Structure formats: structure tokens, C-alpha cells
Amino acid sequence: AANTENARFCWLFYECASLLNAPELPATTLADNCYYNMFIRCYSLTVAPELPALTLADYCYDGMFSYCTGLTVAPELPALTLVPFCYQGMFRNCSALTTAPELPALTLAQSCYASMFNGCSGLTAAPELPATTLATTCYQGMFSGCTSLTAAPELSATTLSISCYFGMFRGCTNLTTAPELPATTLVNSCYREMFSGCSSLNSVTMTATDISAS
């Protein structure tokens, strides 16, 4: 098996619309951009390969399964330490995906989950998000366009980062239950467009007392 410490498979199967089975990807040492957009627009791919790496690299899974509209099963993502942009757009527009993998990391990195499930219109349940240490744009657009999502996960962080929740649930038209937002001090654009277009949402509970930023 190739050691991706120095190997990169960016765009390797770009628009292989008839690809039914992905190769095994056993590497545990990754490189920046190593799987970037690897299976983008592989419309016939239904099951993702196992991804056992515990140590990630910048952009390593960015867009990896983007537009894989037949993908029904996502791989487990066991890494506890995240890096900038590691899962950005990983499952963007995977419209057949109904279940998200567990995301156990407690400390996030810049844009680590940005647009991760953007356009996953079949996603009915969000994963738990236990992280208490956020980063700039860490959740930006994470569930944007997830029109089958009815409840949002608990968000327990009390210290926010710039644009951390920007557009997180934008366009989730069936979202009826919002998480409580316990932070008392806000930062620039932290909640910007967080629930934009959530036409079924009736209320949101906020604890914030310092609203000099929003």
C-alpha cells in the first residue's frame, strides 16, 4: 500500500461515473491534500473505503466524496486531533447519504467541518458535536441544504471563534429544533446566517449578554 506521507491522489477518479468500488486506503500517515477531490462526481459509488488514519494533514479529505450522489455509507472518521480544512466539503452534495459518521474530536481547527455535509438532502440525523474548543469557520455551512434534517445537535461550546457557526444550518427547511447557544460573549460573525432559510424553526434560545459582536 502506498504511504501517503509523500503520495497524493488528488482528483484521481474525477468523474469516473461508472466506478462501483473504491480501492482500499489503509495509510495511517497522510500528506497535505492527499485525497483532495479523489472521488468527486463518482455517481455510482455507494460505499466509501475505510479511512483508518488517526493523524490528519491539511486538506487531506477535502471534497473527497463531493457529488457522489449514490453514496449511502460513509466511512468511520476516528481521528481525535483535527487540522485546518481536513474534512471540508468531504461529503458535499452526497444526496443519498442518510447517516453521518461519528465526529469525536473535542478541539477543532480552522474550517475543519466547513461544508462537510452541505447539500446532503437525505441526511436525517446530525452527528453529535462534543467539541468545546472551536476555531475560525470550523462549522461554516456544515449542514447547509440538509433539507431532511429536523433536529440540530447540541452545541456546548461557551467560547466562540470568528464565523464559527456561519451558515451552519442555512436552508435546512425542515429543521424544527435548534440547539441552545450557551455562549455569553459573542465574536464577529459567529452566528451569521446560522439558521438562514430555516422556515420551520420557531425559536432559538441564546444566553449571550455581550452582543457587541454577532
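The values are calculated or read from the model by the stated rules, or taken from the named source; none is laboratory data. On a predicted model such as this, the values are computed, not experimentally measured, just so you know. In this analysis, Cβ positions are derived from the backbone assuming ideal geometry, glycine residues included, and neighbour counts consider all displayed protein chains. SASA here: full protein model, heavy atoms, side chains in, ligands and nucleic acids out. Shrake-Rupley method; radii C 1.70, N 1.55, O 1.52, S 1.80 Å.
Quick notes on this one:
- Where a residue in the range 92-110 is on the phi < 0 side of the Ramachandran plot and its partner, wherever it lies, is outside any loop (DSSP other than H, G, I, E, B), with Cβ under 6 Å and at least six apart: THR107/THR133
- Residue count for the range 94-125, restricted to those that are open to solvent by 30 Å² or more (accessible area, probe 1.4 Å) and either under 11 Å from the mean Cα position of the chain (by Cα) or among the charged types (D, E, K, R) (or both): 2.
- Members of the range 38-59 that are open to solvent by less than 60 Å² (accessible area, probe 1.4 Å) and out of contact with any Leu (no Cβ under 9 Å at 6 or more places or on another chain): ILE40, ASP58
- Test: residue in the range 171-193 that is buried (at least 17 other Cβ atoms within 10 Å of the Cβ) and under 21 Å from TYR67 (Cβ atoms): yes
- Any hit, the range 197-204, residues being at pLDDT 95 or above, more than 27 Å from THR46 (Cβ to Cβ), open to solvent by 20 Å² or more (accessible area, probe 1.4 Å) and among the hydroxyl-bearing types (Ser, Thr, Tyr): yes
- Hits in the range 54-84 - residues which are β-branched (Val, Ile, Thr), touching a Ser or Thr at 6+ places or on another chain (Cβ under 8 Å) and in a loop (DSSP other than H, G, I, E, B): THR69, THR72
- For first residues located in the range 18-29 and under 12 Å from PRO75 (Cβ atoms), partners that are not in a loop (DSSP other than H, G, I, E, B) and lie 6+ apart or on another chain with Cβ distances below 9 Å form the pairs ALA22/VAL47.
- Residue list for the range 137-166, filter: of a type in the set (S, T, N, Q) and either under 19 Å from ALA208 (Cα atoms) or outside any loop (DSSP other than H, G, I, E, B) (or both): SER156, THR158, THR159, SER161, SER163
- Among residues of the range 138-151 being under 14 Å from the mean Cα position of the chain (by Cα) and open to solvent by 20 Å² or more (accessible area, probe 1.4 Å), the one that is nearest to GLY89 (Cα to Cα) is GLN140.
- Of everything listed in (1) at pLDDT 95 or above; (2) of a type in the set (Gly, Ala, Ser); (3) over 12 Å from the mean Cα position of the chain (by Cα), the single unmet condition for SER156 is (1).
- The residues in the range 13-31 that are surrounded by 18 or more Cβ atoms within 10 Å (Cβ to Cβ) and of a type in the set (Asp, Glu) can be counted, and the count is 0.
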